[in-house]
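*Asks:* Please see the structure below; I have some questions.
The values are calculated or read from the model by the stated rules, or taken from the named source; none is laboratory data. Note that the structure is a prediction, hence the values are computed from the model and not measured. Cβ placement follows ideal geometry from the backbone for every residue including glycine, while neighbour counts extend to all protein chains displayed. The accessibility values were calculated without ligands, DNA or RNA, using every heavy atom of the protein model including side chains. Shrake-Rupley method; radii C 1.70, N 1.55, O 1.52, S 1.80 Å.
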Amino acid sequence: LVSLWLLVITPARLEAVQHFDPPLAQRVVAYEIDARLDAEKKTITATEILTYHNLTGRPLDTFPFHLYLNAFQPRSTFIQETRAYSPNFRWKEEYRGAIEVRAFEVVGIGDLSHQLEFIQPDDGNPTDRTVFQVRLPKPVPPGARVQFKIAFHAQLPLTLARTGYRRNFFLVAQWFPKVGVWWRGAWNCHQFHRSSEFFANFGTYDVRLTVPQHFVLGASGEEVASVNNPDGTKTVTYHAEDVHDFAWTADLNYRVIEDSWTGSAGEVKIRLLMQPGHLDQVPRYRDTLKG
């Protein structure tokens, strides 16, 4: 089995993360995501509002986006590279993951859902669908902002490459449409590869996650609200600033261990999520964090 644990480290007071002055990073993007997990089907249905600040110094009319979950398909570049470098790897249908953009609107321009184009900037593999681009009918001027409204549906794979599910455990990473990075005069938006890491803009995230009430959640950022819904679910809201990604986990069996540590920036709250079978490892992780 995969290692079923997550470390979540957050400032003890929400004010500490909400009012950095000045920001710790140049904030290019702001993501607002509202997502619902179907724990039985292993799917996520979500809407996303992405506000992009054009700090490139030039007008932009083309925007590429990552769809990382499409890497978990038998003919993707990621799986082909995995087969090449790991001869013992065998594809299983349970590994199949996917992400489908069901609506794509640009505020002030309209619905561009039918103008999305899959591209393969690295290897030309026509079966790889981990990057798409959209061309706007008019460019976004330098210094201006553009807002994208996206509806998407995701199918999680059986845990593979730090993403997916295993029974009632969910590790949800690289799970939403994510815009590329304008870097050194060009878009940097690579396909999902076996031996590479992820590159993204810094910004803010406001994310609402709706899951069955009995699941324990952990996520990037600070939990700011939790509401139980009449249908047996709960909606938990998170806020994060000056980060370049948002990941989360949910499990029926997590045990929560809370602690704190004080450093030069003040008190830091430690929240450690562990599976019951790994509780004997708590001192190791806690001491490592504090060390």
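*Asks:* Please report the net charge: other residues with Cβ closer than 12 Å to the Cβ of residue 276, K and R +1, D and E -1. Please list the in-between numbers first.
*Replies:* Numbers: positive: 255; negative: 251, 280.
Net charge around residue 276: -1.
*Asks:* Would you be so kind as to identify which of 172, 229, 148 lies farthest towards the positive end of the dipole of the chain, taking Lys and Arg as +1 and Asp and Glu as -1 on Cβ and the Cα centre as origin?
*Replies:* 172
*Asks:* Would you kindly state the longest site-free stretch of the chain, with sites defined as chymotrypsin sites (Phe, Trp or Tyr not before Pro) in a DSSP loop (not H, G, I, E, B) surrounded by at most 15 other Cβ atoms within 10 Å?
*Replies:* Numbers: sites that count: 20, 89, 91, 198, 199.
The longest such stretch corresponds to 92-197.
*Asks:* If I compute Rg/Rh (Cα atoms, Kirkwood Rh) from the structure I just sent, which labelled value in [x] 0.96; [y] 1.01; [z] 0.99 lines up?
*Replies:* Checked against the structure: label [x].
*Asks:* Rounded to the nearest 10 Å², what accessible area does residue 153 have for a 1.4 Å probe in the complete protein model?
*Replies:* Counting only protein heavy atoms, residue 153 exposes about 40 Å² to solvent.
*Asks:* Now for a different question. What do the square roots of 5 times the Cα gyration tensor eigenvalues come to for the range 109-202, in whole Å, largest first, as semi-axes of the equivalent ellipsoid? Display every interim value, and only then the final one.
*Replies:* On the way: eigenvalues 144, 57, 42 Å².
The answer is 27, 17, 14 Å, longest axis first.
*Asks:* Could you work out the local net charge near residue 35, counting Lys and Arg as +1, Asp and Glu as -1, over the other residues with Cβ closer than 9 Å to its Cβ? Write down the numbers at each step before the final one.
*Replies:* On the way: positive: 36, 208; negative: 34, 48.
Result for the local shell: 0.
*Asks:* Restricting things to Cα coordinates, could you compute the convex hull volume per residue of the range 151-258 in Å³? Spell out each step's value before the answer.
*Replies:* On the way: hull volume 15.6 nm³, N = 108.
Per-residue hull volume (Cα only) is 145 Å³.
*Asks:* Under 10 Å, Cα contacts only: if you run a Gaussian network model on the chain, which one of 140, 227, 236 comes out with the highest mean-square fluctuation?
*Replies:* Comparing 140, 227, 236 in the GNM, the peak value goes to 227.
*Asks:* Let me ask you something else. Answer rounded, prolate or oblate for the range 123-177, using the Cα gyration tensor with square roots of eigenvalues a ≥ b ≥ c: rounded when a/c is under 1.5, else prolate when a/b is larger than b/c, else oblate. Let's see the in-between values first.
*Replies:* On the way: a/c = 3.23, a/b = 1.90, b/c = 1.70.
Judged from the Cα gyration tensor, the range 123-177 comes out prolate (a/c at least 1.5, a/b above b/c).
*Asks:* Averaged over every viewing direction, what's the projected area of the C-alpha convex hull for the range 22-106? Give it in nm², one decimal, please.
*Replies:* On the way: hull surface 37.5 nm².
About 9.4 nm², averaged over all directions.
*Asks:* Just from its helices, what would the mean residue ellipticity at 222 nm be for the chain, if runs of 4 or more DSSP H residues each count -39500 (n - 2.57) and the sum is divided by every residue, rounded to the nearest 500 deg cm²/dmol? Let's see the in-between values first.
*Replies:* Values: 3 runs with 22 residues, N = 291.
Here the helix-only value at 222 nm equals -2000 deg cm²/dmol.
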